[in-house]
Amino acid sequence: MNSNVENLPPQVLRLVYKEVSALAADPPEGIKIYPSDEDITELHTAIEGPEGTPFAGGIFRMRLVLGKDFPAVPPKGYFLTKIFHPNVGHKGEICVNVLKRDWKAELGLRHVLLTIKCLLIHPNPESALNEEAGRLLLEDYAEYASRARLLTEIHAMGGPGGTSGAPQDPNDGPQPKKHAGDPTKRAGTGAAAVAAALGNGANGASTATTTSNSSSSSSTSNVVGKKKADKKRALRRL
């Protein structure tokens, strides 16, 4: 989906930026926000599966997309992590009243995120996008919960047989390459260590110089002593 940054008025973009920044600094409980510096009209989040539901223990990635008519028109919500839920379609689209007829511009994005989280606790089978999930929820909750839990384990949990739903932390990715040519940037070598090493080298050089000077002085003394002895022998001959 294309960005709508260029389609939104500057005052709306400022309000969106302010709200997204506030959400990132103080997110709702159980929800992490991953704002994009490149496209403020698409907000990525990760929602923890609520305890006491078939989604407990899972991390579900989701995104909100702000259209060109936002905030007059509600954002669109999509689950990026596969989930078995009556109100989530096969392509991840979310059906909830706050994103449709109950939308009001003053509600804001925080309200939307909290409503979607509540939807994991209280599904609404009457407005089901996934008809099979809606039917099982009404007729056979045990089977519904079993199916929902299975997909949670497969798609929303880390470890063998599953993939974590949370966006990857930047620190988990490839790290910057080490600078082999610069000793101050090598792994395990700090600036202090380098300075100490350089200091030892300087001391070594100083010691070498002192030793050299001492050797030179000793050699000079030997020459002078030899000349004096030769002079004494010459005087004796006279």
**Request:** Count, please, the residues in region 127-154 that happen to be out of contact with any helix residue (DSSP H, G or I) (no Cβ under 8 Å at 6 or more places or on another chain) and assigned to a helix (DSSP H, G or I).
**Result:** 13
**Lone qualifier among Asn130, Asn124, Asn87 - being surrounded by fewer than 16 Cβ atoms within 10 Å (Cβ to Cβ), within 22 Å of Gly49 (Cα to Cα) and over 29 Å from the mean Cα position of the chain (by Cα)** = Asn124
**Request:** Report yes if some residue within region 89-111 is modelled with pLDDT of 95 or more, assigned to a strand (DSSP E or B), within 25 Å of Gly158 (Cα to Cα) and not polar (S, T, N, Q); otherwise report no.
**Result:** yes
**Asked** When region 62-84 is examined, which residues are found to be among the aliphatic types (A, V, I, L, M) and either assigned to a strand (DSSP E or B) or surrounded by fewer than 17 Cβ atoms within 10 Å (Cβ to Cβ) (or both)?
**Response** Met62, Leu64, Val65, Ala72, Val73, Leu80
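Table: residues versus (1) open to solvent by 30 Å² or more (accessible area, probe 1.4 Å); (2) at pLDDT below 95; (3) in contact with a strand residue (DSSP E or B) (Cβ under 8 Å, 6 or more places away or on another chain); (4) part of a strand (DSSP E or B).
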site	(1), (2), (3), (4)
Ser21	yes, yes, no, no
Lys32	yes, no, yes, yes
Ile40	yes, yes, no, no
Thr45	no, no, yes, yes
Glu51	yes, no, no, no
Gly57	yes, no, no, no
Phe60	no, no, yes, yes
**Asked** Cβ-Cβ below 8 Å, separation at least six or inter-chain, first residue in region 103-117 and within 17 Å of Gly67 (Cα to Cα) and in contact (Cβ under 8 Å) with a residue 40 or more places away in the chain, second among the small types (Gly, Ala, Ser) and not in a helix (DSSP H, G or I): which pairs?
**Response** Val112/Gly77
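The values are calculated or read from the model by the stated rules, or taken from the named source; none is laboratory data. Predicted, not measured: the structure shown is a model, and the values here were computed from it. FYI the Cβ positions are ideal-geometry reconstructions off the backbone, even for glycines, and counts take in every protein chain you see. These area figures cover heavy atoms from the full protein model, side chains too; ligands, DNA and RNA do not enter into them. Shrake-Rupley method; radii C 1.70, N 1.55, O 1.52, S 1.80 Å.
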